[in-house]
Amino acid sequence: MDHRVAAVTQALSTAIGLEGERMSKVDTAWLRMDSSANLMMIVGVWILKPAVSRDALAERITERLLPYRRFLQIAREDAAGAAWVDDPDFKLERHLTTHRLKRARGQTAQAALQARVATLAMQPLDHAHPLWQFELIEHHEGGSALIARIHHCIADGIALISVMMSLVDGGAMPPQRRSRPAREAAAGAEDWLADTLIRPLGDITARALEVAGGSAAKSLTLVAAPQQTLAGTVDQAIDIARIGTQLASDLAALALMPDDASTRLKGTPGAVKKVAWCEPIPLDAVKAVGKAFNASINDVLLSCVAGAIGHYLRGLGDDTEGQEIRAMVPINLRPLEDAWKLGNRFGLVPLLLPIGITNPVERLYAVRARMSSLKGSLQPLLTFGLLSVAGLLIKPAQDAMLNLFGRKTTAVMTNVPGPGRKLQVCGSTLEQTMFWVPQTGSVGLGVSVLSYGGGVQFGVIADTALCPEPQAIIDGFTPAFHQLLALTLMLPWGEQT
């Protein structure tokens, strides 16, 4: 195995030279964003049955992951910013480790795994080597679990999901090694990426890509000189004045965004996290509820998230009447065929969750209205531009800029549709998968909604100083959905016209 790793390393070193390459300003901003309360790692979990051996996984990683050169490079800061430099002492055993969980008396296997994920989420990666690590949990409920930690400076969640899909059986080979179209067996892993992942929130991504001319990197110029840039990047058929008005409106909305509601979920985070996730609920049932109330799948799921958080706060005696909290939602800004290039190409949109509405149908319609108001938004481009600016600043100035977002945000939330059928990894079935993107500054709550294999899962990663028991939030998600489902079943089901 070592000689194969060495061959990949040598080939990539020859291709890019000894001096490495400059890191983009956005990636540099993420590299410098680590803090004692929040490490900038994307953390994911795969549950595999039956067990996968370390040797089989090592072979798959060598074949499919290491040809992506970022996974062989060190992120090295210098006076001009940062650069990617080959690791002269790369060893796969440093990045692929094994672990056996020790369960406390009365502790379930899932609780033990959640505790391990939380521990690793606050364990810094070694900056002297490539910033990623996989830990294979052996003998987990008749199979294995794989905990992945990858620093955000390597890539955003969309790109990393694309890369991780190359590890599944039948997945596409890395771009450097593609000599023919991917086999039909890979369609399950790639079709969902192409068809659904790029537009998880409808028209938001489509509009941002349209204005950026397919390149999110142009967004920094867009911020600096919108009239000039729009004239060069938007198709002549688009109404320039209307787009300019939208841009000005979205810029003002971001600049004037008030601080978020003061709940117990906001404050000064500590250095300990907890992780929790629920069992999947049937995706077909979610679709049925959405159809019954003329709402999207996203509307239904986000209303359940708002319901679960509101129920948690009220259970602690808090008055949530009239309250809403703001969650920042990452939005992809790259053509999907460029995902293999890695790096960060995403923006953020602020979504207000009506946690104070207890009526489930009223809450659903409130979420639907908020989602509709975001369609056509250019805010993802603007936030990408702000991240680019942050990468140009010295770290204290960058921290000051990003702390503004911390005051205005309670949570970072991802909402990703996954493949409809379960995938295979080294001959084992990928039964469940969850992942979380990092929270920045003083944000202490991360929420993940992920559909996979016909089910939908809800997961939370939380700072224990702000949310000591995230399982209590998780426990409210399924009941919030069941409320909507029960009301759906009570509706008249005559012939549809």
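Work out from phi, with θ = phi - 60° and the Karplus expression 6.51 cos²θ - 1.76 cosθ + 1.60, the ³J(HN,Hα) of each residue of the stretch 437-445, listed in order in whole Hz, and give x for Gly and Pro.
Residue by residue, the stretch 437-445 yields 8, x, 9, 10, x, 9, 6, x, 10 Hz.
Determine, for each peptide in 84-95, 347-358, 69-80, 300-311, the mean count of other beta carbons within 10 angstrom over its residues, then list the peptides with the highest first. It would help to have the intermediate numbers written out before the result.
Working: 84-95: 15.4, 347-358: 22.3, 69-80: 17.2, 300-311: 26.4.
Going by the mean number of other Cβ atoms within 10 Å, highest first, we get 300-311, 347-358, 69-80, 84-95.
Looking at this model, which pairs from Lys25/Lys91; Lys25/Lys341; Lys266/Lys408 are more than 18 angstrom apart at the alpha-carbon?
Too far apart for the 18 Å limit: Lys25/Lys91.
Return the loop-located GluC sites (Glu not before Pro) in the stretch 274-358 (DSSP other than H, G, I, E, B) with at most 12 other Cβ atoms within 10 Å of their own Cβ; answer none if there are none. Before the final figure, lay out the partial values.
Working: sites: Glu321, Glu324, Glu337; in loops: Glu321, Glu324.
Here the sparse-neighbourhood loop sites are Glu321.
Would you grab the residues whose amide H sits under 5 Å from the one on His140? Only those 5+ places off in sequence or on another chain, please, with H modelled 1.01 Å from N.
The list, which skips near neighbours in sequence, is Ala145.
Can you give me the Cα centroid spacing of the stretch 101-141 and the stretch 407-462 in angstrom?
Going from one Cα centre to the other spans 16 Å.
List the equivalent ellipsoid semi-axes of the stretch 418-497 in whole Å, largest first, each obtained as the square root of 5λ for an eigenvalue λ of the Cα gyration tensor.
Those come to 29, 23, 11 Å.
Add +1 for every Lys or Arg and -1 for every Asp or Glu among the other residues with Cβ under 15 Å from the Cβ of Thr464, and state the total.
Working: positive: Arg264, Lys266, Lys273, Lys274; negative: Asp463, Glu469.
That sum, taken over residues with Cβ under 15 Å, equals +2.
Counting only residues 5 or more places away or on other chains, whose amide H sits under 5 Å from the amide H of Thr98 once H atoms are built in the peptide plane?
Distant-sequence amide H within range of Thr98: Leu136.
For the stretch 409-497, which chymotrypsin sites (Phe, Trp or Tyr not before Pro) pass both filters: DSSP loop (anything but H, G, I, E, B) and at most 15 other C-beta atoms within 10 Å?
Those that pass, being in a loop and sparsely packed, are Trp493.
Values in this text are rule-based calculations from the coordinates and carry no lab data. Here the structure is a predicted model, which is why all the values come from computation and not from measurement. Positions of Cβ are generated from backbone atoms using ideal geometry, with glycine treated the same way; all protein chains shown enter the neighbour counts.
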